[in-house]
Structures are given as structure tokens and as C-alpha cells.
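One structure below.
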Amino acid sequence: MQNQDALKEFLFDCRMRKLSERTLKSYKNNNLKMFQFINQEYGITELEETNHIAIRGYLEYLTKNNLKESYINGLIKCFRSYFVYCLREGYIYKNPMDKIRRQKEPITLINTFTNDEVKRMVRYYTGSRFLDVRNQLIMVMLFDTGIRNNELCSLQLSDIRETYIHILGKGKKVRHVPITAFLNKYLIRYMRIREGYIKDKFNYDTEYLFLSQKGKKLTLETVERVVGDCGENCNVRKEIRISPHTCRHYYAQTQLKNGCDLFTVSRLLGHSKIDITKRYLQSMEDESTLIMGAKTSPLMNL
């Protein structure tokens, strides 16, 4: 069987399992690039002939081109998912990825916004127009819940409960984050403006919480632009990546600085493993760690 034919079946199976379009695109493009390389360099097109030596050759080629370990590990994950499917279907009897190991990733420090920068960014969008009120709530929700961009865009009105937000995260995993008094203030205002905006402009209702100017579901690109424009106009430091995910970094590190335990932060973020959350702890400045250590001193708290 040709690798490309097996890939089509694999992608169909992924759709039946309702994986995200982003995941499907990643599986397709990354595997196709690997197929092209092993065809050119090793003359391999058949699934049964694909072996760990050829795949390792492709990974070595990428490493020599200075691609990051995290990127290469992402590719390994894509390849492994494809070959696990082929093995399960009985198309192959050995998984070539069994002899491929992940690359060791360096511990990278996660830099995020300062408290002063966040204060300026939360106050940036002012006014009573629908877009201004919506954009301000977007900034508040990103900073006060640690929600992912795609999760925010997919929020529905029914997800806003009395005291918490119901979030459907990665892998269809559900988690709840609290609606603080600070967030609730902006949420109530937005809901009032939103209702009037829809009533005046459109003849239909929509289940999504955040709407575009045309009353449609918000896109990831729109949220990125809202955050980017906000950060740029608030003079955020140049070394900081201004993005929705950096807001998530701020949420995680600030929760830890404020004394929230690692396990709780991990659950609030929707991490599958606590090791992922530990990265935020490792990235905290030494000064913050010292302050936390002093507050929780065993003898000072006797």
C-alpha cells in the first residue's frame, strides 16, 4: 500500500474521531513532507517498506537545518499517530516509530507581561460601542481565566454559568474556571451591549458568546489582532511576544505567585500532565521564588 493512500484512510479516521481541523492539517502536511523526503532520498513510497532508518534520516536532516527540538518532537508525534493507526489496521506488523526517540528539549524561560503592562492593556479598550466593550472583555477574560484562544472563540452563552465558565478544551476535555467579581463586572456589561447590538442589526440569534462585527463566530485571527493592537499601543516591552497565549502565561505565573498550588493551576489551565505546568514555575524569577518561600516559611507559620 502507498503511504499516501494509507494517510487518506488515517485522516478519515481522525475526522470520525472528531479531531480538530488544525490537528488534521498538521497530521496531513507533516506526514506528506516526510513521505516526500524518504521517497527522494531512499526511494520509499510503500508503507510496508517505510523503516526507522529512513525516518531517522529525515529527522537528522531537519536537525542539521537548525529546527528546534520542540518542533521535531511535534513531528514525531504526528508520525507516531499515523503508524499506530496503520499497525492497528494490520497494514504493518512493526511500528518504525518504536525505535525513534524524542529529542531532549532545553528548558526555556517563559517571559510574560508585567502587572503594570496588564493594567494598561485591560484599560486600553474604552467606550460604549459593541466592539470596544467586546474587546475589553476579551482582554479581561484572557488574563483572568487563562483560557486558550480557540476555547474563547468557541464559548457559547450556555457555557457561562452563575459562578463559573464551562470550557471544552483540548481532546474534548471539560474544565471549569471561576467567574471572579472583576470578570463578572465586564461580562454583565458586555451581555447588555451584545443583546442590543444583535437586536438592532440582525434578524437572528447566535449561541456564541463573542461575536464578530457581522454577528458571526469570532475567529482566532481576530482575537490575535485585538491582543496585538492592545499590546502595541500599551508599549509592551519589545522582547515580549504579544499574543493570547502570553496572556495565558501571565495567568499561570501570577496564580503561582499569589500562592495557588501547582495541581490547582494545572487543572485550571486544562493541562493533561502537571509537568507542563511546572514550566511556568521554572520560569518565575528568583525574586518571586524568594518572596513565595518567605511567605510559606515553616517556622514563620508555626
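What follows draws every value from the coordinates through simple rules; no lab data is involved. All values derive from a computational prediction rather than experimental measurement. Ideal geometry is used to build each Cβ from the backbone, glycine not excepted, and the neighbour counts take in all protein chains shown.
Please name whichever of Asn31, Ala54, Ile167 sits farthest to the positive end of the charge dipole of the chain, dipole taken about the Cα centre and charges placed at Cβ: Lys and Arg +1, Asp and Glu -1.
Ile167
Quick check: from the Cα gyration tensor, does the range 115-294 come out rounded (a/c under 1.5), prolate or oblate? Walk me through the numbers before you get to the answer.
Values: a/c = 2.08, a/b = 1.52, b/c = 1.37.
Since a/c reaches 1.5 and a/b is larger than b/c, the shape of the range 115-294 is classed as prolate.
Could you give the dipole magnitude of the chain about its Cα centre, charging the beta-carbon of Lys and Arg +1 and that of Asp and Glu -1, in debye to the nearest 20?
Values: 50 positive and 34 negative charges, 98 e Å.
Roughly 460 debye for the chain.
Contact order normalised by length for the range 1-94, with contacts defined as Cα pairs under 8 Å and 6 or more residues apart; what percent is it? Before the final figure, lay out each step's value.
Values: 60 pairs, mean separation 33.6, N = 94.
Reported as a whole number, the value is 36 percent.
From a point 7 Å beyond the Cα of Met191 in the direction of its Cβ, which residues of the range 136-167 have a backbone N at a distance under 16 Å?
Of the residues in the range 136-167, 137-138, 141, 155-167 have backbone N under 16 Å from the label point off Met191.
Which stretch or stretches of the range 1-36 have amide N atoms under 16 Å from the point lying 7 Å from Lys173's Cα along the Cα→Cβ direction?
The answer is 20.
Tell me the label-point distance for the pair Leu220, Glu162, using the 7 Å Cα-to-Cβ offset, in nm and rounded to one decimal.
For the pair Leu220/Glu162, the computed spacing is 3.6 nm.
Computed over the Cα atoms, what is the radius of gyration of the chain divided by 2.2 N^0.38 Å, N being its residue count? Mind showing how you got there, number by number?
Values: Rg = 23.1 Å, N = 302, 2.2 N^0.38 = 19.3 Å.
Taking the Cα Rg and dividing by 2.2 N^0.38 Å, one obtains 1.20.
Just from its helices, what would the mean residue ellipticity at 222 nm be for the chain, if runs of 4 or more DSSP H residues each count -39500 (n - 2.57) and the sum is divided by every residue, rounded to the nearest 500 deg cm²/dmol? Show your work: numbers first, answer last.
Numbers: 13 runs with 177 residues, N = 302.
Rounded to the nearest 500, the figure is -19000 deg cm²/dmol.
Would you work out which of Phe202, Asn111, Val227 lies farthest towards the positive end of the dipole of the chain, given +1 charges on the beta-carbon of Lys and Arg and -1 on that of Asp and Glu, about the Cα centre?
Phe202
Counting other beta carbons within 10 Å of each Cβ, put Glu221, Glu69 in order, fewest first.
Details: Glu221 10, Glu69 13.
Sorted ascending by nearby Cβ count, the order is Glu221, Glu69.
Could you tell me which of the pairs Lys64/Lys99; Lys18/Lys119; Lys94/Lys273; Lys77/Lys257; Lys68/Lys216 are separated by over 31 angstrom between their Cα atoms in the structure shown?
Working: Lys64/Lys99 20 Å; Lys18/Lys119 39 Å; Lys94/Lys273 29 Å; Lys77/Lys257 33 Å; Lys68/Lys216 37 Å.
Long pairs (Cα-Cα over 31 Å): Lys18/Lys119; Lys77/Lys257; Lys68/Lys216.
Work out how much length Glu49 to Ile274 would gain on full extension: take 0.36 nm times their residue separation and subtract the Cα-Cα distance, in nm to one decimal. Write down the numbers at each step before the final one.
Details: separation 225, 0.36 × 225 = 81.00 nm, distance 3.85 nm.
Here the answer is 77.1 nm.
Subtracting the Cα-Cα distance from 0.36 nm times the residue separation, let me have the gained length for Leu32 to Asn184 in nm, one decimal.
Working: separation 152, 0.36 × 152 = 54.72 nm, distance 4.66 nm.
Full extension of this stretch gives 50.1 nm more.
Around Lys104, under 13 Å between beta carbons, what's the net of Lys plus Arg minus Asp minus Glu among the other residues? Display every interim value, and only then the final one.
On the way: positive: Lys68, Arg101, Arg102; negative: Glu69, Glu105.
Around Lys104, the surrounding residues sum to +1.
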